[in-house]
Every structure is written in C-alpha cells, then in structure tokens.
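Below you'll find the structure, written out as structure tokens, and then a few comments.
Derivation of every value follows stated rules applied to the coordinates shown; laboratory data play no part. Values in this document were obtained by computation on a predicted structure and should not be read as measured data. FYI the Cβ positions are ideal-geometry reconstructions off the backbone, even for glycines, and counts take in every protein chain you see.
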Amino acid sequence: MADEQNQPGVQVTRRQFLKTSAASAAVSLFAAMPPGLGYVQGSDRIKVGVIGCGGRGTGATHDCANSAPGVVIWALGDMFRDRLDGCRNSLAQLGNKADVPDSRCFVGLDAYKGVLGSGVDLVILATPPGFRPIHFPAAVEAGKHVFMEKPVATDAPGIRKILAAADTAQQKGLAVVAGTQRRHQASYIEAIKRIHDGAIGDLVGGQVYWNGGGVGNGVPPKAPGQTDLEWMIRSWYQFLWLCGDHIVEQHVHNLDVANWVFNAHPVSAMGVGGRTQRTDPVRFPMIFDHFAIDYEYPNGVHVMSMCRHWDDCPGNVSEHIVGTKGTANPWGQIFGPNAWRFSGNNPNPYSQEHTDLIASIRAGKPLNEARQVAESTLTAIMGRMAAYTGQVITWDQALNSQENLYPDLTDPRAPIPVGKPPVPGKTRFV
Amino acid sequence: MKNVLTRFPRRSLVVLAPWLVMALLSAGAPGQVQKHPKAARPSPAASLAPYTETVRVTGDANKVRFDMVPVKGGRFAFTDPTSGKVREVIVKPFWIEKTEVTWDQFDQFLIVPEKAKPGTADAVARPSHPYMPPDRGFGHTGYPAISLTFYSAQQYCKWLSLKTGRKYRLPTEAEWEFACRAGGPPVQLDEKGLDAVAWYSENAGGTTHPVGKKQPNGLGLYDMLGNAGEWCVGVDGKPVLRGGSFMDPASKVSCKARARQTPAWNQTDPQIPKSKWWLSDGPFAGFRVVREP
C-alpha cells in the first residue's frame, strides 16, 4: 500500500531528474527568466477555481486544497447545477480551505468564463477532454496557473491549440501540471531515472498496456426535453468528440510513460482495433473496445501498445521496457544485472502532482507540462487514427490532421450528430 | 504434510438441543423463502450435506458452479477482538464456500442485464465499472475476486440469494473463525506449516493465486489463511477483514488475523465521492459466502 505521508525529498529527486532529461533545456532556460505575470510570491494565498465539478474534478479539488498550506478553493464552474452542487457540498470537509459563495458558482457552457473572471490564481480543468482546447487557452490568456486533467484534446486541431497555449504559458511564466500523475509518482521517477542512467543499457523497445473492463455502462436513452449536448456530456465517454475513445482517454497514461522513457514521441503508428464486446449500437454508438498499435520511435525502436475494454478478462495496466542489458517495469523494477525494486515512500501521486504544482509556483520555477501532455495525447490520437483507418499514420500527418470533432455549439440546443463506428480500410484519414 | 490445523483433537462440539430446535424452526419459517421452491426444502441442521451451487445467468450460456461445505454448529472459546476477553460463543450450523469467491463467480454479478425486472436479482444494485481493472493484473479466471468493499461483497450475496433462492450472506467473524480453526484452537503456524496451506508475503510473489492450490484445512476449506483477506461481519456488526492476505507476513496470517478498513485502503481513488464498490488500494480484500440452513 502506498504510504500516506508526503516526502519532501521526492520533489528534489524530481528536479534532479529533470536536469538530466531532455526536458531540462526548457526548464532551466525558464528558471533563468525573471518572474512573469502569474506568480504568487512566497506563501501568499493561492485561490483556486474549478472548471468541471464531476467525480474527478471534485477529487482534484480536494487533492489541491490539501496539497499545501494557503490554498483556498474560491470558485466553481460546471455545465450542470447538480454536478456543481455535489462538489460544493463536499467542500464542507475542507473547512476554511474553501470559500465559495453563490456569487462564485457558475453553471452552463460558459461557466469557465465566470471562474476565470472571479479572481482566482489557479484553475483546475477537469471537464470531459473535448473541452480542454477551449478552456486551457482561455486560462492561459487570463494569466492563470493550471492543473489540467489528461487527455488534453480529442483531435489534432485541439492539440494545436494546446501547443500554442503551452508556449504562451511559458512566456507568461505560468505553471501547468497535467493529470498524468505517474510523472509525480516516486517509484516511476526513480525507475525511469535509473533507466536513463543506463541501468538496462540501450533501449531497444517496449510494451505498454491498459487492458481493463471499460468505463461506464453505456448511453441511456435521451430523457424528454434533454438537449443532445446535455445527453452527450452526461455519457461523455461514449462520444468521440468528448472522450477521444479509450486509447486516448485512458491509455494515454501508458503512452505518456513510453514517451517519458524514450525521451521522444513516436514517428509513426500502425495498428488494429474494433468492437467485439460493446456491439450494441444504442448503448455504445461509436467507440472501439480494443486497440493494438505498433508505434515506431526514432532509431527504429518499436513500442507495442495494447488497450481494451473487455469484461470478464484479465486486467493489465503496465509498461515494460526492453534494453540491451536488462528490462524494466517503470513502476519501479529493474531486471537484469542491475536488478532493483523500488522501496520506500511512494506518496499518493494524485496529491503529489498538486504539491509539486504549488511548490513550483511559490518557488518561482513554474513547471510546464503542457507540451509533454499534448504530445502524449497526440501519440494516442495518432494510434486511434491508425486503427480507425487501417493506414500507417506519421507524426506529422497526425499533428496536421484536419479532422475537427468539435461540433458547432453556437446554439447549444441544436442537434449534434452522433456518428458511427469507423471501419478500417473504408474510414478515411482526414 | 498434513494440515497443521488438524493436528489438534477436535473438541467435542456440543450442540445445544434447544437451540437446534430453533434453528430448524427458522429454517422452515415462512417469508421470503416461499418465493423459491428450492429454498422451501427443509434442511435439517444435523444433516447438512455438501453441495454444488449452480448459477445460471440470464441470456448467457455460462453457468457458474461452486462448492459449499457444511459446518456443524458448536460452541468454542472465542477471543472477543474488541475486549480481548475469551468467551464461549455458540455457532449455529451453516454452509461455507469451499474457496474464496472467484472472478468467474463475481463477473456474473457485474453483468448488467439489458432489462432488469424489479424485485428480482436483476434489480440488485451492482458495481460500477472501475477505472482501473480490479484484478490488478494478478490473474482472472480461477483467482479470488479482490479490491472489493464490504458493501460490494454484501450486494453480491444479496444478488446470489435472489438468483438461487437460498440465503447466502457474509459470515460473522465468529462463524469464519470457527470454520478456519476447524475444531482446533487458534494457532500461529510456523512458516513451514503455513506454506502448506496459505499464500502470504514470503511465498506469494506479490500477487494472489488461483484458489484451491494449497492444502485445505480440516473441514476441506481452501485459502482460509492468506491469499485474499475475507470480509466478515464483526462482533460489533461492522465490517472486518479476516485471515490475512498475500500481502501480509507469515506472522500476521492466522485464524485470528483481522483488519479494519483504513483511509489507506482507497487512498488513491482519485474521485470524490470515492467508490463504494472498489478499493483502489485494497488488492488484499476478498470474501467467501456462507449459507444459512
């Protein structure tokens, strides 16, 4: 079991690691720059706004409030009143770490604008992923530090918006931490440091998995008077524009680990995918229930990725890295001549990511994980494109894809097309 | 080697006659059992026989089978875990599952029926899909169902009872310990003895193992010690996990071993409210069912 105690040393370890990684160039460069607009000096109070008050948003709210002294939950926003109320009711557990009067509660599609205008220093972006390319640039524009859940987009136009805002955030000195929490998990940090230090020799390949039983029980019939928008958001996992399919929404965690270990994003992807268990077109209108993708990284290194949502089958959420002198489980194990197993404090990474975010803001050395998580998200989207079309998809193709999944929401009551499951060979790359 | 638990002479299990009469009466009592012809069969406590339960899932060719073992009632010296005092406890006869509930069994409960008929097993509230696969990658078919809350285990029993027409539930911790001891006193096995009957941290390799691979105890029950810890109803009516698990050292695995849920058991569930069905950090938590006559 994970130890409940936080360990200050973990942050030091992480910084030391960053200095040795490819990310160090950006971090060190930035650390040398004068503090920008968004800084909160010293131990000043940090006021937090929440955009997306579902189960994860509420969990992140508590993790953030409890991650450091002087953090106060200040404003809430959600599409739906009931979700906002659920989160707000939970704030009683936080005592004086929450101060959210009615005037700082915002409901509806534009709730994020209210939160961004409420005087907050930091926002938590935890809506379904399809909205992230709208909310993240808006938060950066407003000069807010950001914690944003993964994935950060569901299509390439969304990724391009995130990447542009990532650069702006850097220029403004804003901190951005993403919900790829393995990056803040002591056992992963230590294992991958050892891998980078040569514990398993040169890296020649790997396998990454998210094989589980699925998320949610499908789409219920639309209620009388319910708009398509509300109906879809309430069952967002099943709709491509909101979720991105499970390879994007869930497997991005393991693909992020691969990108971290190999210090690169893939150059191309090819693969397979389909629907074998979730075939009911009413409850499961669009997304696949399995993918297997062969990712090629620079220097001819291949990473095999597999993810599935199959009930009654063995689960496996893990990564496996192959080197010339051994293998590794980046969770915290090295096999071979330099065999090692992580032991010691492994603080809850869902808390640690907020502790690291707040500490980086207060130290004037803001973390910026926006590009990293955008690349991991695009890695997953590229795999999805390869499986949906049956074609080999390169990184440049994926990045420049013109497929725009986001519907026209000018009239939020307008019908939204549902779409159908793709057919490899027939579905075209756009 | 023979199960060490059987080394000890069984105490003469005195079944109290008046109590037996009550047990028989309650077994034949009217009420919910009348809905199910199977359950209406009288089952005299003195002649409980082993049997195999079969669960057929609607709309599915799969059938799930598991074995139930009778436990004669009796009284035994039970150390009250709350007070530490030894007191005599009377246990009525019951059946207990030969193994821990496996994923094969639990998966049938997870299947959401397309059209749930009110008042039937279909309508029992069942677990949400967990974000992380709850088998933790240890293995699935034949492995004990784990990462389960007490509530999940209770709901499974409710579903199973409606599905079969028999009264399944979680054991009380007195029943569980009585079955674990198999008529002997509570002993702390040495490591050699424990290795023959249990999976614990020194021999489990960090995972659960398929049920029924070690030697059974004197009643023919497998994995009472170690593998998955087992949810019981505590002496105070509150949930308690008994027997130790594959994560516990040998010294913490015995018929007396018990643990209460702590915040660490679902610490890394990133949602609020945290799941009432799944323990994000409880890969050691499983259960087995008992049936009343």
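The Rg/Rh ratio for segment A:304-396 is 1.05, where Rg is the radius of gyration of the alpha carbons and Rh is the Kirkwood radius.
Summarising the label geometry, the points placed 7 Å from Cα in the beta-carbon direction at B:Thr54 and A:Phe80 lie 4.3 nm from one another. All Cα-Cα separations within segment A:125-279 were binned at 10 Å from zero, giving a P(r) of 9, 31, 34, 21, 5, 1, 0, each value a whole percent of the pairs. Between the listed residues A:Gln277, A:Ala92, A:Ala65, the Cα displaced farthest toward the positive end of the dipole of chain A, a dipole computed from Cβ unit charges relative to the Cα centre, is found at A:Ala65. Cross-link pairs exceeding 25 Å in C-alpha to C-alpha distance, out of A:Lys325/B:Lys192; B:Lys167/B:Lys238; A:Lys150/A:Lys365; A:Lys97/A:Lys193, comprise A:Lys325/B:Lys192; A:Lys97/A:Lys193. Ranked by the mean number of other Cβ atoms within 10 Å of their residues, highest first, the peptides A:336-344, A:298-306, A:208-216, A:379-387 fall in the order A:379-387, A:208-216, A:298-306, A:336-344.
Size of segment B:184-265: Rg and Dmax of its alpha carbons, in Å, are 12.4, 36.
Taking the number of Cβ atoms within 10 Å of each Cβ as an exposure proxy, the fewest-first ranking of A:Val152, A:Val430 is A:Val430, A:Val152. Charge tally around A:Ile200: other residues with Cβ under 11 Å, Lys/Arg +1 each, Asp/Glu -1 each, net 0. Seen from A:Leu240, the other residues with C-beta closer than 12 Å to its C-beta sum to a net charge of -2, counting Lys and Arg as +1 and Asp and Glu as -1.
Inter-chain neighbour count for B:132-145: the average number of beta-carbon atoms from partner chains within 10 Å of each residue's beta-carbon is 4. Computed from the C-beta positions of A:Lys113 and B:Asn203, the FRET efficiency with R₀ = 56 Å rounds to 0.40.
With contacts defined as alpha carbon pairs under 8 Å and 6 or more residues apart, what's the relative contact order of segment A:210-304 in percent?
Once divided by the residue count of segment A:210-304, the mean separation gives 27 percent.
Normalising by residue count, segment A:97-146 has a Cα convex hull of 84 Å³ per residue. Peptide A:315-322 is shielded by partner chain Cβ atoms: per residue, an average of 3 of them sit within 10 Å of its Cβ.
Three principal axis extents describe the C-alpha atoms of the protein assembly as shown; from largest down they are 85, 61, 55 Å. Computed over Cα pairs, the Kirkwood radius of segment B:125-269 leads via Stokes-Einstein (0.692 mPa s, 37 °C) to a diffusion coefficient of 206 µm² per second. Assuming charge only on the beta carbon of Lys and Arg (+1) and of Asp and Glu (-1), the dipole of segment B:53-211 about its Cα centre is about 780 debye to the nearest 20. Note on chain A: helix-only mean residue ellipticity at 222 nm, from DSSP H runs of 4+ residues weighted -39500 (n - 2.57) and normalised by residue number, equals -10000 deg cm²/dmol. In this structure the amide hydrogen of B:Val69, modeled in the peptide plane, comes within under 5 Å of the amide hydrogens of B:Ile96, B:Glu97, B:Lys98, none closer than 5 places in sequence on its chain. Across segment B:147-293, the mean sequence separation of Cα contacts (distance under 8 Å, 6 or more residues apart), normalised by length, yields a relative contact order of 32 percent. If you take the Cα centroid of segment B:97-137 and the Cα centroid of segment B:222-237, the two points sit 20 Å apart. Assuming R0 = 22 Å, what is the FRET efficiency of A:Asp102 and A:Glu141, from their Cβ-Cβ distance, to the nearest 0.05? Approximately 0.25, to the nearest 0.05. Kirkwood Rh over alpha-carbon pairs of segment A:44-141, then Stokes-Einstein at 37 °C and 0.692 mPa s: what D in µm² s⁻¹, rounded to an integer? Answer, rounded: 255 µm²/s. Projecting the Cα atoms of A:Ala374, A:Pro157, B:Val71 onto the charge dipole of the protein assembly as shown (Cβ charges, centred on the Cα centre) puts B:Val71 farthest toward the positive pole.
Most tightly packed first, judged by the mean number of other beta-carbon atoms within 10 Å of their residues, the peptides A:47-53, A:72-78 read A:47-53, A:72-78. Between segment A:358-424 and segment A:193-271, the alpha-carbon centres lie 11 Å apart. For the segment B:262-271, counting C-beta atoms of other chains within 10 Å of every residue's C-beta and taking the mean gives 5. Could you tell me what fraction of 2.2 N^0.38 Å the Cα radius of gyration of segment A:350-390 comes to, as a two-decimal ratio? In units of the globular-protein estimate, segment A:350-390 measures up at 1.72. One equal scatterer on each Cα of segment B:152-191, no solvent, Debye formula: the resulting log10 I(q)/I(0) at q = 0.20 Å⁻¹ is -0.69.
Taking the square roots of five times each eigenvalue of the Cα gyration tensor of chain A, the equivalent ellipsoid has semi-axes of 31, 30, 19 Å, listed largest first.
Dipole magnitude for the protein assembly as shown: computed about the Cα centre from +1 point charges on Lys and Arg Cβ and -1 point charges on Asp and Glu Cβ, it is near 2060 debye. Placing a pseudo-label 7 Å from each Cα along the Cα-to-Cβ vector at B:Val187 and A:Val423 gives an inter-label distance of 6.9 nm.
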